[in-house]
1. Expressed as a whole percentage, what fraction of the accessible surface of the chain belongs to carbon and sulfur atoms when a 1.4 Å probe is rolled over the protein heavy atoms?
2. Note down the relative contact order for the range 111-191 as a percent, whole number, built from C-alpha pairs under 8 angstrom at least six residues apart.
3. With charges only on Cβ, +1 for K and R and -1 for D and E, what is the dipole size of the range 97-196 about its Cα centre, in debye, rounded to 20?
4. Divide by every residue of the chain the summed helix terms, -39500 (n - 2.57) for each DSSP H run of at least 4, and state the resulting mean residue ellipticity at 222 nm, rounded to the nearest 500 deg cm²/dmol.
5. With the Cα gyration tensor of the range 24-75 giving a ≥ b ≥ c as the square roots of its eigenvalues, does the rule (a/c under 1.5 for rounded; else a/b larger than b/c for prolate; else oblate) give rounded, prolate or oblate?
6. Under a point-charge model restricted to the Cβ atoms of Lys and Arg (+1) and Asp and Glu (-1), what is the dipole moment magnitude of the range 107-148 relative to its Cα centre, in debye to the nearest 20?
7. Would you kindly state how much longer the chain becomes between ASN145 and ASN232 on full extension, computed as 0.36 nm times their sequence separation minus their alpha carbon distance, in nm to one decimal?
8. Could you tell me which of rounded, prolate or oblate describes the range 99-220, using a ≥ b ≥ c as the square roots of the eigenvalues of the alpha-carbon gyration tensor, with rounded for a/c under 1.5 and, failing that, prolate when a/b is larger than b/c and oblate otherwise?
Amino acid sequence: MSKKWVVLLAMAVASLSLAQKIGDCELTGKKGEFSIKPAVPGQLTVQTNLPAPGWWNGDTPQTIKSGFEYCLAANIAHRAGLDKVAVQNVSFDALVAGQTKAFDLALSQVTITDERKKVVDFSPPYFSSDQGLLVRKGTKVDSSNIKSLKIGVQQGTTAVDFVKNVLKVPAANIRVFPDTPNMFTALQARQVDVVMLDTAIVLVQAAKSNGALEVVGQYKTGESYGAIYPKNSPNRATFDRIIQALIADGTVKKLTQTYLAKEFGGDPTAIPYLKP
């Protein structure tokens with residue numbers, strides 16, 4: 001084989017390799033196996049609430065190239081015949097209230113609830129998560145003292161309802177934050193004693209704290225994450241089929257192992273469960 005053909009072959013292989021990735025994500029399945037009508041031609045427009053390390057690796061939409069939910073979106077785009085994922089950073093509260101517009105789907109560790117189904121549509125569940133308790137290392141939290149502690153929760157999350165209506169924590173001991181960065185900062189600054197959020201999310205935060213924070217317990221709530229679609233999206237049935245296929249062929253499981261196992265810094269199922 002001539003040198004010219006070697007160079008051309010190498011270029012073709014490189015081109016093929018690039019075509020099999022969106023960002024840094026490995027793509028599976030047949031490209032264009034499914035057909036959708038995207039909100040913006042040529043791209044999958046995905047909304048989320050940042051930061052979300054492990055799920056979306058990067059602090060801004062422009063810097064994100066990997067993460068469980070980003071690569072889930074990349075594989076959905078691939079199977080829908082699209083080569084680009086456009087990320088939009090939105091308010092979590094607005095997202096679950098159905099107030100955001102002009103997108104195809106949202107992936108933001110959103111728990112599927114009947115109340116939220118009134119304003120948005122959900123995909124089949126792709127991840128299970130209970131409510132975890134994040135504290136400064138050495139803080140004691142158990143069923144006997146949880147109501148006497150100052151608890152931080154994020155606005156719009158299921159944790160708000162859980163601390164108010166299940167744990168029945170006094171209103172004076174509940175502080176609601178607009179986003180996770182402010183909430184985690186308040187915990188480190190001793191403005192709250194404990195943060196309640198999905199176990200999968202607080203495990204990531206504890207792993208990144210260099211030992212300053214730890215997850216000491218969790219409550220079993222049977223929650224599952226689903227993708228959000230705009231209400232009455234014409235693509236809903238097709239997206240459902242794509243997500244179900246990604247679960248069935250092991251793609252979602254591989255994404256969990258690749259992007260979440262290391263970020264968690266531990267097995268979520270090993271965290272002790274408390275009784276409400």
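1. Carbon and sulfur: 54 percent of the exposed surface of the chain.
2. Values: 54 pairs, mean separation 22.9, N = 81.
Rounded, it is 28 percent for the range 111-191.
3. 460
4. Numbers: 9 runs with 78 residues, N = 276.
Mean residue ellipticity, 222 nm, calculated: -8000 deg cm²/dmol.
5. Taking the square roots of the gyration eigenvalues as a ≥ b ≥ c, the range 24-75 is oblate.
6. Values: 7 positive and 5 negative charges, 59 e Å.
With only Lys, Arg, Asp and Glu charged at Cβ, the dipole is about 280 debye.
7. 26.9 nm
8. Details: a/c = 1.88, a/b = 1.56, b/c = 1.21.
Here the range 99-220 falls in the prolate category.
The values are calculated or read from the model by the stated rules, or taken from the named source; none is laboratory data. Computed from a predicted structure; not experimentally measured. Cβ coordinates were reconstructed from backbone atoms using ideal geometry, including for glycine residues, and neighbour counts include every protein chain displayed. Side chains included, ligands, DNA and RNA excluded: accessible areas come from the protein's heavy atoms. Shrake-Rupley method; radii C 1.70, N 1.55, O 1.52, S 1.80 Å.
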